[in-house]
Amino acid sequence: MNDDAIHHFAIETFDLTRRFEKMVAVDHIDLRISYGEVFGLLGANGAGKSTVIKMLTTLLTPSSGSADVGGFDIIKTPDEVRRSIGYVSQLLSADGALTGYENLRLSAKLYGLSKSDRIYRIADALSFMGLTDYAHKLVKNYSGGMIRRLELAQAMLHRPAILFLDEPTIGLDPVARHMVWDRLLTLRHDYGMTILITTHDMEEAETLCDNLAIMHSGKISIVGNPAKLRAGLGENASMDDVFAYFAGGSIHESGAFREVEQTRHTARRLG
Amino acid sequence: MQRFLYESAAIVEVELLKLLRDPTEIISRAVQPLLWLMVFGQVLARTHGINTGSLSYLAFITPGILAQSVLFSSIFYGIAIIWERDLGVVHKLLVSPAMRSSLVFGKAIAAGFRGVIQTAVIYFIAFLMHVGLRLEPLIIFAVLTSVILGAGIFATFSLIIACIVKTRERFMGIGQLLTMPMFFASNAIYPLEIMPNWLRVIAQINPLTYLIDALRGLMVTGGAHIHSYTIDFSVMLMVFVILLFIAVKLYPTLAE
Ligand SMILES: Nc1ncnc2c1ncn2[C@@H]1O[C@H](COP(=O)(O)OP(=O)(O)OP(=O)(O)O)[C@@H](O)[C@H]1O
Ligand SMILES: [Mg+2]
């Protein structure tokens with residue numbers, strides 16, 4: 001994987017586009033995300049974040065353009081892409097009628113883990129996510145934070161190179177949220193996982209992500225690391241300001257357009 | 001092939017776990033066939049209004065009611081699929097490298113096992129009502145095979161509809177719209193011979209008719225079937241395979 005990092009990106013999109021009837025949900029985007037990076041995708045509701053993730057995870061076919069994930073073309077080699085990725089959807093998707101252990105066992109089987117790997121990795125994932133004591137309880141009795149951690153456990157069982165997390169901390173209390181962040185950073189540290197995350201939480205974007213892309217009606221407004229993005233807007237700019245500036249419709253009406261364009265170029269070089 | 005079976009078995013396993021953990025559904029679904037057999041069956045048997053040959057009317061409709069209960073519970077499988085879509089379960093299954101065909105086939109076979117439980121319930125009711133049942137192991141095996149096939153057909157059909165309509169409300173409407181006509185345009189509660197011509201034509205292309213025909217020959221002593229078992233099973237198998245192909249194509253669109 002380290003060798004790859006020199007030649008490839010973990011995720012690279014080429015004019016990636018998706019239309020729903022006339023509406024262009026994702027509009028010719030070009031993104032490059034390096035191996036080992038935690039990359040945040042921000043944008044207002046309906047900006048197209050989930051649609052990008054669905055295309056990159058092979059759930060949705062692009063209308064035009066393409067993308068490589070883990071070095072594999074999402075259109076030509078979806079199976080290889082699926083083997084290289086883990087995905088936690090925006091919804092709480094663990095099966096409530098099953099126990100945590102049963103949820104994990106199903107994932108392990110669908111990912112084709114051998115029996116010995118399965119037993120070891122399930123135990124490992126449970127303890128890593130602090131769920132060992134709840135393994136045999138029905139998921140419908142879990143708290144939101146526990147469900148999220150179970151889903152992360154499911155997504156990491158097969159040791160994917162790249163994790164896609166669509167709003168992983170939505171609806172979680174601060175303690176649960178920090179726990180998820182901590183687990184994600186440990187995953188990155190221990191396995192060098194690349195993580196693509198969407199969020200509406202600016203604190204999350206800033207503490208967790210090496211780089212951010214802000215989307216606005218299907219287009220990427222800007223890419224860059226959080227500190228640079230703030231600095232580019234002004235001395236005391238917060239992430240909220242950055243978000244409001246790039247996620248709203250104001251870019252082209254704004255007086256500071258040139259300044260922003262400048263930042264954008266800088267950010268691209270840095271990103 | 002081995003991978004296909006292994007993955008399908010994994011799906012069946014969790015579906016069965018869920019079913020056994022929450023048997024209320026099995027119990028509530030047993031009420032309807034009970035009413036059909038005890039009330040409708042007995043009342044109609046008294047009128048001698050329908051000529052079922054040497055077979056008593058109750059024995060005549062017992063296979064029909066089994067098929068009906070398989071149809072009604074399988075056809076609402078689509079609701080569960082839409083539910084899973086709304087919860088994001090479908091997405092999780094589809095990002096895995098599992099073969100799309102094993103996901104769909106696993107669901108169909110799980111519906112089949114549900115049918116097996118319904119079969120047991122109906123045998124029990126029929127036994128209490130003194131219907132003459134054939135209990136040779138080979139016959140029981142053939143009954144279970146046809147029930148699993150039938151349930152697989154209707155569950156897969158239901159999955160296809162779920163993929164097309166995508167919302168629960170629309171599904172409910174269509175589900176009602178399809179099941180009742182399918183039931184009445186079949187040989188479940190009256191023989192093909194007494195149907196008006198137009199209805200008989202519809203009944204002949206209704207897969208439910210072939211399930212009932214096979215069951216009628218197999219389940220009850222003295223039961224007569226119109227088609228040979230080869231025809232009954234070939235038709236069911238063919239319909240099942242065609243529906244599976246369509247479902248495998250459509251299932252991934254649920255995650256869009
Ligand atoms: N399956 C679909 N059919 C039609 N339109 C869709 C579909 N999926 C998404 N859209 C539309 O595409 C646009 C982008 O949606 P998307 O879910 O990607 O936004 P998002 O950035 O993830 O928003 P949120 O922050 O609310 O999750 C929205 O206008 C949405 O209504
Ligand atoms: Mg979204």
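Here are some notes:
- Between B:Glu25 and B:Val116, the FRET efficiency from the beta-carbon distance, with R0 = 22 Å, is close to 0.95.
- Ranked by the mean number of other Cβ atoms within 10 Å of their residues, highest first, the peptides B:38-47, B:177-186, A:9-18 fall in the order A:9-18, B:177-186, B:38-47.
- Backbone geometry of region A:159-169 corresponds, through the Karplus equation with coefficients 6.51, -1.76 and 1.60 at θ = phi - 60°, to 3J(HN,Hα) couplings of 6, x, 6, 9, 10, 10, 10, 9, 6, x, 10 Hz, x marking Gly and Pro.
- Above-threshold pairs, the threshold being 23 Å between Cα atoms, out of A:Lys54/B:Lys249; A:Lys54/B:Lys18; B:Lys107/B:Lys166; A:Lys137/B:Lys18; A:Lys22/A:Lys49; A:Lys49/B:Lys249: A:Lys54/B:Lys18; A:Lys49/B:Lys249
- As a calculated quantity, the FRET efficiency between B:Asn51 and B:Met238 at R0 = 35 Å, using C-beta atoms, amounts to about 0.65.
- log₁₀ of I(q)/I(0) at q = 0.14, 0.15, 0.26 Å⁻¹ - region B:1-74, Debye sum with one point per alpha carbon: -0.62, -0.67, -1.13
- Only Cα pairs under 8 Å and 6+ residues apart enter the sum, and on that basis the relative contact order of region B:79-202 stands at 30 percent.
- Assigned charges on the beta-carbon of Lys, Arg, Asp, Glu; chain A dipole about Cα centre (debye): 700 debye
- Between A:Ala237 and any residue 5 or more places off or on another chain, the built amide H atoms are never under 5 Å apart.
- Report summary: the helix-based calculation at 222 nm, which adds -39500 (n - 2.57) for every DSSP H run with n ≥ 4 and divides by the residues of the protein assembly as shown, gives -18500 deg cm²/dmol.
- Cα-only radius of gyration and Dmax that characterise chain B, units Å: 18.3, 59
- Amide H contacts under 5 Å for B:Leu55, placed H, 5+ residues apart: none
- Computed extension gain for A:Tyr120 through A:Ala237, at 0.36 nm per residue and net of the alpha carbon distance, reaches 37.4 nm.
- Other-chain or far-sequence residues with amide H under 5 Å of A:Ala25's (modelled H): A:Arg18, A:Arg19, A:Phe20
- Values of log10 I(q)/I(0), in the order q = 0.09, 0.11 Å⁻¹, for chain A under a Debye, Cα-only, solvent-free model: -0.42, -0.62
- For region B:104-142 versus region B:148-210, the inter-centroid distance based on Cα atoms is 20 Å.
- Region A:17-91-region A:176-202 distance, computed between alpha-carbon centres (Å): 19 Å
- Of the residues A:Leu138, A:Met193, A:Cys209, the one whose Cα sits farthest toward the positive end of the charge dipole of chain A, with +1 on the Cβ of Lys and Arg and -1 on the Cβ of Asp and Glu, is A:Leu138.
- Computed over region B:2-255, relative contact order equals 28 percent, with contacts defined as Cα pairs under 8 Å that lie 6+ residues apart.
- Distance between modelled label sites at B:Tyr6 and A:Leu138, nm, 7 Å Cα→Cβ extension: 3.1 nm
- For chain A, averaging the sequence separation of C-alpha pairs within contact (under 8 Å, six or more residues apart) and dividing by the residue count gives a relative contact order of 23 percent.
- At R0 = 45 Å, FRET efficiency that the Cβ-Cβ distance of B:His130 and B:Leu177 yields, to 0.05: 0.80
Bear in mind that the values in this text are calculations on the coordinates, not laboratory data. On a predicted model such as this, the values are computed, not experimentally measured, just so you know. Every residue, glycine among them, receives a Cβ derived from its backbone with ideal geometry; neighbour counts consider all protein chains shown.
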